[in-house]
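Heads up, the thing below is written out as structure tokens.
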Amino acid sequence: MKICFLTELFPPSMGGQQQRFGELARLLAMQGHQVTVMCIRNSTEAPAEEELASGVVVIRRPSLPRYQKPLGGLLTRSPLGMLRYALAARRLTRAGEFDAIFLNQWPLLHILALSRRDRDRSVVDWCEIRHSRLFRLVQSVLPRLVAANTGVSAQVARHIRRFARDRVLVLPSGINGACYRMDAAGSRGGMLYIGRVTEHKNLALLIEAFEEMCRRGYQDRLTIAGDGPALEAVRRRVASSPSGERIELAGVVSDERKYNLLAGARLLMLTSQREGFPRVVAEAMASGLPVITARYPQNGTVGVVEDYQCGLCAEPTAGALADAAQTVLADWDTWSARSHRPAGGLEWSILVQQFEALLIETAMSAGNPGRAQQTEGVSCESW
């Protein structure tokens, strides 16, 4: 099949959705499909067009180096940039004769810009649910406009299913389980955060919870791995912390270091105010690492932890998070085994077959039965 991915940002730009779309594009290309990705060129260092080693063709258009944080950071995205990308996406899809189109929910306008014909062969990927009045309206309208939808978690999919006209597939960001390992309990220690260092990740609360643990006699360390625009603020917060000498800011880590951190820690701590299904939670499950997360209304990690029973959710206070951490540490072997149990269902080898089947059925229902052949043995039971 000829498949088009429309996503505002794509590697080498960093982020959870960029990594997700990069993996899915590569895996579909490995299955023999012709995959074209169109994204915004937000860095002049990235080529305007290239073919990756996987065979995926990437078109970066338009060029918008100030797409993120325009007007001195007053906005998160450039409205004019969103419109220009939406119009460019419409032109590409109309000219490309694609069998199926896969769209990131962001930046929203590109969904509306597609022709009716192209929306009938389109699948929108929902990575998170927002609760403001505007986003509630958007999330009730856009799922109806396309042939099918995917949700990064069961919680997200349940919400979208209320409004979608047809299929909704639960499509987590997968893992290759062979990369991860479960070290013995005796060789593990400490609390861990891995991810982008941004304001909504709320790492100040994580540090407060760690300080509360230390006041209760906790003797281990906290490691924060990652980079992002809030790193300097986090660095200052660590410098002023009475437990600062036991907090490591590891920065960006290699894959090998990440696997070691996941296998060597006792708790993964996520205090984000909003999330979908953070990939690091799947990686923690593969490593037998229990998760503690904060119960914010827009933190989708809460639904993931509850659905998979891979840890505990706590109210977003230092004391409540410390209580949850102590509960898990007191019976760590049980929690570790419980968190590891669902990891097998998050293998990319399984998920990409379900995703491929959805795209094939979408193409066939749009009137391309000769080009989209049904994949033998693939089940869509998670719709």
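Odds and ends about this structure:
- Ordered by the number of other Cβ atoms lying within 10 Å of each residue's own Cβ, fewest first, Cys214, Cys313 fall into the sequence Cys214, Cys313.
- Net charge of Cβ neighbours under 12 Å - reference Arg237; Lys, Arg +1; Asp, Glu -1: -1
- As a rough footprinting exposure proxy, the listed residues His200, His159, His340 were ranked by other beta carbons within 10 Å of their own, and the order from fewest upward is His200, His340, His159.
- By the rule of a C-alpha distance below 28 Å, with chain neighbours fewer than 8 residues away ignored, the lysines paired with Lys69 are Lys201.
- Taking Cα atoms only, the orientation of helix 16-30 departs from the longest principal axis of the chain by about 50 degrees.
- The value given for the chain is a Kirkwood hydrodynamic radius of 21.7 Å, derived from the mean inverse Cα-Cα separation.
- Per-peptide average of other Cβ atoms within 10 Å, ordering 286-296, 328-338, 188-198 highest first: 286-296, 188-198, 328-338
- Paramagnetic label zone (point 7 Å from Cα along Cα-to-C-beta, Asp227; backbone N under 17 Å) in segment 56-71: none
- Contour minus Cα-Cα distance for Glu315 and Glu50 (0.36 nm per residue): 90.8 nm
- With a Förster radius of 41 Å applied to the beta-carbon distance between Ser187 and Gln273, the computed FRET efficiency rounds to 0.80.
- The label-point distance for Ser43 and Asp333, in a model that sets each label 7 Å from Cα toward Cβ, rounds to 4.6 nm.
- For segment 177-344: relative contact order, % (alpha-carbon pairs under 8 angstrom, 6 or more apart): 26 percent
- Looking at the chain, the DSSP beta bridges with both ends there are about 10 percent antiparallel.
- Kirkwood-based shape ratio for segment 177-344, expressed as Rg/Rh from alpha carbons: 0.92
- Trypsin sites (Lys or Arg not before Pro) restricted to segment 1-107 and DSSP loop, no more than 15 other C-beta within 10 Å: Arg66
We did not get these values from a lab; they are worked out from the coordinates using the rules stated. Just so you know, these numbers come straight off a predicted model, no measurement behind them. Heads up, the Cβs are rebuilt from the backbone with ideal geometry, glycines too, and the neighbour counts pull from every protein chain shown.
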